[in-house]
Amino acid sequence: MPRFWRVLLISLIIVLVLYGIYFALGRPVIPLPTIPYKVSPGQPLHSIITSDGADELKLTLNTSGEIEITSEDQSVVALNYTPETFDNTLDLGERLLIAQKSLQSNEDVPESSPFLRKLIDWVIAYYYHVIRFRLSVLLTALP
Amino acid sequence: MNKTPTFIKLLLAVILVLGMLMVQQPPMATAEIAKQEIPANLVHIDVTYDPGTKSYSIGGFSAEDLRQVGAPQFQDEIWQVLSMLDGVTLKIQGDVIDIFTNDQPLFSVAWDGASREILYSLLNAYIELGDVDMERAEAWLDKADIVISLRQSKELSEPLQISLATLLQVQVKDNGELSVEGFPTGMSLTPETLDLVNLAGIENLKLCWNKGVIDLQVNGQALPQATLYQGGLSVVDKAFGLSLGDLTPIFGSSFGAGLVIGEADPVTGECLP
């Protein structure tokens with residue numbers, strides 16, 4: 001067997017074995033490093049972050065189906081989604097957006113590309129079902 | 001011996017094992033859910049009042065909270081009557097209405113289907129808002145468990161206990177007028193909002209609140225479930241300047257509403273988890 005095919009097969013087996021272990025462990029969420037983001041005074045988010053005196057707001061996306069906002073370790077609001085409810089939200093958002101644009105411009109506004117919608121659905125479903133990550137953004141208000 | 005077949009065998013074995021692992025379904029809850037009785041609409045409201053300061057508290061909301069939302073002040077005659085009582089409790093449970101004063105039973109009234117029909121006829125004869133929809137009224141009252149207690153006390157009243165299985169039916173008419181259970185509210189949607197809703201093809205909404213958990217369906221399609229934490233509510237309140245006051249009482253309650261735009265069919269179903 002040519003060397004190329006051997007390397008490819010071995011790599012494939014390693015990937016499959018690793019994913020098998022990950023799957024057998026119950027597909028735990030893989031935490032990614034928190035992304036810090038400084039918000040300057042004057043930005044719309046600044047007043048929201050500073051409203052309770054904590055000067056910090058953490059937005060956490062858990063691709064297994066949860067989006068949570070916390071302030072000083074206190075949960076503020078959480079959204080639990082599935083690929084279906086996410087798609088329903090996109091659908092509603094798009095319809096409202098088109099309706100708003102139609103009202104403002106009095107013209108027919110075209111719908112978004114079906115391929116783009118499918119692509120978004122696949123990405124959401126992939127990170128929901130196959131590999132799960134936790135991504136956090138820490139918003140800090142600058143004085 | 002050639003190593004190629006070994007690789008292929010190994011690959012096939014791994015794929016087979018992983019395939020079996022992935023196909024393995026979590027144990028499904030196949031046990032039949034025990035058929036429950038039709039859930040009751042439970043409403044327990046505690047009211048405390050102090051004739052000395054002429055203030056009252058309802059369902060865990062303080063006099064100050066109530067003043068902020070425009071709760072009315074009682075006339076002196078009413079305070080005089082209230083000052084003579086230590087407490088009055090009205091209980092609607094099953095087919096009986098019981099009234100207690102100062103913890104002593106005052107009287108009981110039959111509250112079965114026939115007696116309710118008489119009440120609906122009286123209401124139809126004397127109210128000007130329109131005929132009572134008997135089917136809807138029965139949906140609310142047939143399995144109701146209602147306790148309203150008035151106590152003379154300076155203490156804050158007990159938090160509300162509301163658990164409504166029946167959906168509150170809200171309708172937006174073609175001209176934007178809003179009615180609740182068939183009764184006009186005097187409120188209406190702005191023409192811009194109505195146009196937006198109609199253009200977006202929104203025909204109905206179902207909203208359920210269950211102790212901080214919000215479920216919303218638009219045209220029968222579920223949106224992500226939102227959980228509003230009681231501790232975090234102050235952050236939302238301050239961030240958006242909502243002046244919500246103390247909303248602790250509603251975090252123990254569950255209720256829901258079905259909103260219909262135009263002449264679409266009423267939203268069906270319940271909200272209880």
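The values are calculated or read from the model by the stated rules, or taken from the named source; none is laboratory data. The structure presented is a predicted model; accordingly, all values stated were derived computationally and were not measured. Counting neighbours? That spans all protein chains shown, and the Cβs are built from the backbone with ideal geometry, glycine included.
Inspect the range B:170-184 for any residue being of a type in the set (D, E, K, R) and within 25 Å of residue A:97 (Cβ to Cβ) and give the result as yes or no. Yes, the range B:170-184 contains at least one residue that is of a type in the set (D, E, K, R) and within 25 Å of residue A:97 (Cβ to Cβ). Within the range B:125-133, is there a residue that is touching a Ser or Thr at 6+ places or on another chain (Cβ under 7 Å) and buried (at least 16 other Cβ atoms within 10 Å of the Cβ)? No, the range B:125-133 has no match at all. Check the range B:173-182 and report whether any residue there is of a type in the set (Ser, Thr, Tyr) and part of a loop (DSSP other than H, G, I, E, B). Checked against the condition, which is being of a type in the set (Ser, Thr, Tyr) and part of a loop (DSSP other than H, G, I, E, B), the range B:173-182 yields no hits at all. When A:98, A:124, A:67 are screened for being within 26 Å of residue B:205 (Cβ to Cβ), away from chain B (no Cβ under 11 Å) and of a type outside the set (Ser, Thr, Tyr), only A:124 passes.
One line per residue, one yes/no per condition, for (1) in contact (Cβ under 8 Å) with a residue 24 or more places away in the chain; (2) farther than 29 Å from residue B:194 by Cα; (3) not in a strand (DSSP E or B):
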| residue | (1), (2), (3) |
| --- | --- |
| A:46 | yes, yes, yes |
| A:64 | yes, yes, yes |
| A:69 | no, yes, no |
| A:79 | no, no, no |
| A:85 | no, no, yes |
| A:91 | no, no, yes |
| A:96 | no, no, yes |
| A:107 | no, no, yes |
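Listed here are the residues, each with its yes/no results for (1) out of contact with any Phe, Trp or Tyr (no Cβ under 9 Å at 6 or more places or on another chain); (2) in the same structural domain as residue B:46 (by TED's automatic domain parsing); (3) under 30 Å from residue A:78 (Cα atoms); (4) surrounded by 13 or more Cβ atoms within 10 Å (Cβ to Cβ).
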position: B:144; (1), (2), (3), (4): no, yes, no, yes
position: B:148; (1), (2), (3), (4): yes, yes, no, yes
position: B:203; (1), (2), (3), (4): yes, no, yes, yes
position: B:213; (1), (2), (3), (4): yes, no, yes, yes
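Residues that are at pLDDT below 85, within 24 Å of the chain's Cα centre (by Cα) and not in a strand (DSSP E or B) are absent from the range B:77-93 altogether.
Of the numbered criteria (1) at pLDDT 95 or above; (2) over 20 Å from residue A:131 (Cβ atoms), the one residue A:80 fails is (2). Identify the residue in the range B:195-245 that is touching a residue at least 40 places away in the same chain (Cβ under 8 Å) and not in a strand (DSSP E or B) and, among all such residues, is farthest from the other protein chains (Cβ to nearest Cβ). Checked the range B:195-245; the qualifying residue farthest from the other protein chains (Cβ to nearest Cβ) is B:245.
Hey, any hits in the range B:40-53 for a residue that's on the phi > 0 side of the Ramachandran plot, under 30 Å from the mean Cα position of the chain (by Cα) and at pLDDT 65 or above?
Within the range B:40-53, the subset on the phi > 0 side of the Ramachandran plot is none.
No: the range B:40-53 contains no residue that is on the phi > 0 side of the Ramachandran plot, under 30 Å from the mean Cα position of the chain (by Cα) and at pLDDT 65 or above.
Hey, any hits in the range B:116-126 for a residue that's in contact with a strand residue (DSSP E or B) (Cβ under 8 Å, 6 or more places away or on another chain) and in contact (Cβ under 8 Å) with a residue 12 or more places away in the chain? Write out each step before concluding.
Our first condition is that a residue be in contact with a strand residue (DSSP E or B) (Cβ under 8 Å, 6 or more places away or on another chain); within the range B:116-126, this holds for none.
Looking through the range B:116-126, none of the residues is in contact with a strand residue (DSSP E or B) (Cβ under 8 Å, 6 or more places away or on another chain) and in contact (Cβ under 8 Å) with a residue 12 or more places away in the chain.
Here is a yes/no grid of residues against (1) farther than 20 Å from residue B:231 by Cβ; (2) in contact with a helix residue (DSSP H, G or I) (Cβ under 8 Å, 6 or more places away or on another chain); (3) within 10 Å of chain B (Cβ to nearest Cβ):
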{"residue": "A:13", "(1), (2), (3)": "yes, yes, yes"}
{"residue": "A:17", "(1), (2), (3)": "yes, yes, yes"}
{"residue": "A:28", "(1), (2), (3)": "yes, yes, no"}
{"residue": "A:38", "(1), (2), (3)": "yes, no, no"}
{"residue": "A:60", "(1), (2), (3)": "no, no, no"}
{"residue": "A:75", "(1), (2), (3)": "no, yes, yes"}
{"residue": "A:86", "(1), (2), (3)": "yes, yes, yes"}
{"residue": "A:90", "(1), (2), (3)": "yes, yes, no"}
{"residue": "A:93", "(1), (2), (3)": "yes, no, yes"}
